[in-house]
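Notes to accompany the following structure.
The values are calculated or read from the model by the stated rules, or taken from the named source; none is laboratory data. Since this is a predicted model, take the numbers as computed values, not measurements. Here the Cβ positions follow ideal geometry from the backbone for every residue, glycine too, while neighbour counts run over all protein chains shown. Heads up: the accessible areas ignore ligands, DNA and RNA and are worked out on the full protein's heavy atoms, side chains in. Shrake-Rupley method; radii C 1.70, N 1.55, O 1.52, S 1.80 Å.
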Amino acid sequence: MSVEVLDEEILADRRALRQALLERRRAMPRDQWMRHSTRICELLQVGFPQLTAMRVGFCWPLHQEPDLRPLIDDWLQEGRAGFNALLPVVIDTRQALAFRSWSPDTAMTVDRHGIPAPAAGDFLLPQALLIPVIGFDAAGYRIGYGGGYFDRTLASLRPRPLAIGVGFEIARLASIRPEPHDQVLDAVVTEAGIFRPVR
């Protein structure tokens, strides 16, 4: 199904759109998913060199999201001053996300959504967030899983972190028809390149 057909047939129903986009991503062959994930990591490394000296929040890959762990592990191995890899922690379903430091030997727990998260540690403020997208548009808006966590987080953090969406080209839409609470991304990275919002 083309992006245009998705736009026309089900854009008015964001829940149906989210499900259709998730099914499309899950249907991606594993070798293609691995190639695209590797390419996204390469583009992040080249396009955003400042991340190697920042507190960077990322997400554990679920439902065939891009796997950024090899890149994060490379940055941890480099050991540059200021770099810290952070994973989100759900405190409450109505609150912004909190973030804890992560490395491959961090003790993990599984949260209420079935997502691995650091089991303990101080909460740290991210300076940049690598945010998975289920869908995104040229204006820099994203569709997530519907919980609103990242929108609340971006709206509440001061200073606002650099917000970079990560996803695949199959997630691109003409418009998600953003709602008032939707937060715009600073950039989106897919296997096809780095895209800045067009406003």
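A few comments on the model shown:
- Residues in the stretch 72-89 that are in contact with a Phe, Trp or Tyr (Cβ under 7 Å, 6 or more places away or on another chain) and either outside any helix (DSSP H, G or I) or loosely packed, with under 11 Cβ neighbours inside 10 Å (or both): 6 in all.
- Listed by position, the strands (runs of 3 or more DSSP E) inside the stretch 136-199 whose residues that are open to solvent by 30 Å² or more (accessible area, probe 1.4 Å) and among the aliphatic types (A, V, I, L, M) number at least 3 form an empty set.
- Some residue of the stretch 76-92 being under 19 Å from residue 64 (Cα atoms) and modelled with pLDDT of 95 or more: yes
- Contacts under 8 angstrom Cβ, first residue in the stretch 122-139 being charged (D, E, K, R), partner modelled with pLDDT of 95 or more and outside any strand (DSSP E or B), 6 or more apart: none
- Search result, residues across the stretch 50-68 that are open to solvent by 40 Å² or more (accessible area, probe 1.4 Å) and under 14 Å from residue 129 (Cα atoms): 50, 53, 55, 60
- Of all residues in the stretch 77-105, those that are in contact with a strand residue (DSSP E or B) (Cβ under 8 Å, 6 or more places away or on another chain), farther than 18 Å from residue 154 by Cβ, touching a residue at least 24 places away in the same chain (Cβ under 8 Å) and not hydrophobic (A, V, I, L, M, F, W, C) total 4.
- Criterion: of a type in the set (Asp, Glu) and either assigned to a helix (DSSP H, G or I) or on the phi > 0 side of the Ramachandran plot (or both) - qualifying residue of 67, 31: 31
- The set of residues in the stretch 90-118 that are farther than 15 Å from residue 55 by Cα, outside any loop (DSSP other than H, G, I, E, B) and open to solvent by less than 40 Å² (accessible area, probe 1.4 Å) comprises 116, 117, 118.
- One residue alone among 18, 39 is open to solvent by 50 Å² or more (accessible area, probe 1.4 Å), in a helix (DSSP H, G or I) and in contact (Cβ under 8 Å) with a residue 60 or more places away in the chain, and that residue is 39.
- First in the stretch 174-199 and modelled with pLDDT of 95 or more, second anywhere and acidic (Asp, Glu) and open to solvent by 40 Å² or more (accessible area, probe 1.4 Å), Cβ under 7 Å, 6 or more apart: 190/169; 191/169; 192/169
- Every listed requirement among (1) charged (D, E, K, R); (2) at pLDDT below 95; (3) touching a helix residue (DSSP H, G or I) at 6+ places or on another chain (Cβ under 8 Å) is met by residue 151 save one, (3).
- Condition met for residue 23 (at pLDDT below 80 and either surrounded by 12 or more Cβ atoms within 10 Å (Cβ to Cβ) or of a type outside the set (A, V, I, L, M, F, W, C) (or both)): no
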